[in-house]
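The values are calculated or read from the model by the stated rules, or taken from the named source; none is laboratory data. Quick caveat, the model's predicted, so the values are computed rather than measured. As a convention, Cβ positions derive from the backbone with ideal geometry for all residues, glycine included, and neighbour counts pool all protein chains shown.
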Amino acid sequence: MAQRLIDFLARERPTAVIETVTHVGDEIALIHREHLVDVLTLLRDHPDTKMNMLSDLTVVDYLGQSPRFEVVYQLYSILHKHRLRVKVGVDEADDDCWVPTVTQLWHAANWAEREAWDLYGVRFEGHPDLRRILMYEEFVGHPLRKDYPQNGRQPLIRRPDAPSTDDQTTRLLPDSHDRRVS
């Protein structure tokens, strides 16, 4: 059913589409970054598509490939009951690791874009409040990147409003399963 969406994109925005794939019932369109907002606006607003729900936004890390990241948008039409996955490739170079924000299209993109930036380091240009959402501000790096050190240590920052602890709350019990402390 959603093959109509792939055909629609190929007809309406042929220069925006890099490739399309149908895999186990999922229709996927890989598009150029510079056409992202235009394509998503078309999918949201056109009467034949009405993709009025951004059900998910995430990033996939393909370490060692180029482009390294893919930003993935899961779109759904409540009216037409069809879905489409839209992907955009993003390079890992600091000055090129970005996509335009889509918060002006779906409010749900706000926190999802913040989470994607926080955990993967992909910037969303034009985002109204791009700051960490899960990690604390002093955290260095992006922990879901495949090259993030598995045993990476971060500075622990004590919140000024946190209650003080005593020896009983910070010490492990002798029979604890955690053997990091002797």
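Brief remarks follow.
- Residue in the stretch 4-22 that is out of contact with any helix residue (DSSP H, G or I) (no Cβ under 7 Å at 6 or more places or on another chain) and under 27 Å from TYR148 (Cβ atoms) present: no
- Failed criterion for ASP95 (all others in (1) surrounded by 18 or more Cβ atoms within 10 Å (Cβ to Cβ); (2) not in a helix (DSSP H, G or I) hold): (1)
- Residues satisfying the stated conditions in the stretch 15-30, i.e. crowded, with 16+ Cβ neighbours inside 10 Å and in a loop (DSSP other than H, G, I, E, B): ALA16
- Filter result for the condition that a residue is under 24 Å from VAL21 (Cβ atoms), within 9 Å of the chain's Cα centre (by Cα) and crowded, with 21+ Cβ neighbours inside 10 Å, over VAL86, VAL71: VAL71
- Options VAL122, VAL102; residue that is closer than 22 Å to PHE8 by Cα, within 13 Å of the chain's Cα centre (by Cα) and at pLDDT 95 or above: VAL102
- The residues of the stretch 137-157 that are surrounded by 12 or more Cβ atoms within 10 Å (Cβ to Cβ) and free of Cβ contacts under 8 Å to residues at least 24 places away in the same chain, listed by number, are PHE139, GLY141, TYR148, GLN154.
- Scanning the stretch 8-50 for residues being of a type in the set (Ser, Thr, Tyr) and touching a Leu at 6+ places or on another chain (Cβ under 8 Å) gives a total of 3.
- Residues in the stretch 31-52 that are surrounded by 16 or more Cβ atoms within 10 Å (Cβ to Cβ) and outside any loop (DSSP other than H, G, I, E, B): 10 in all.
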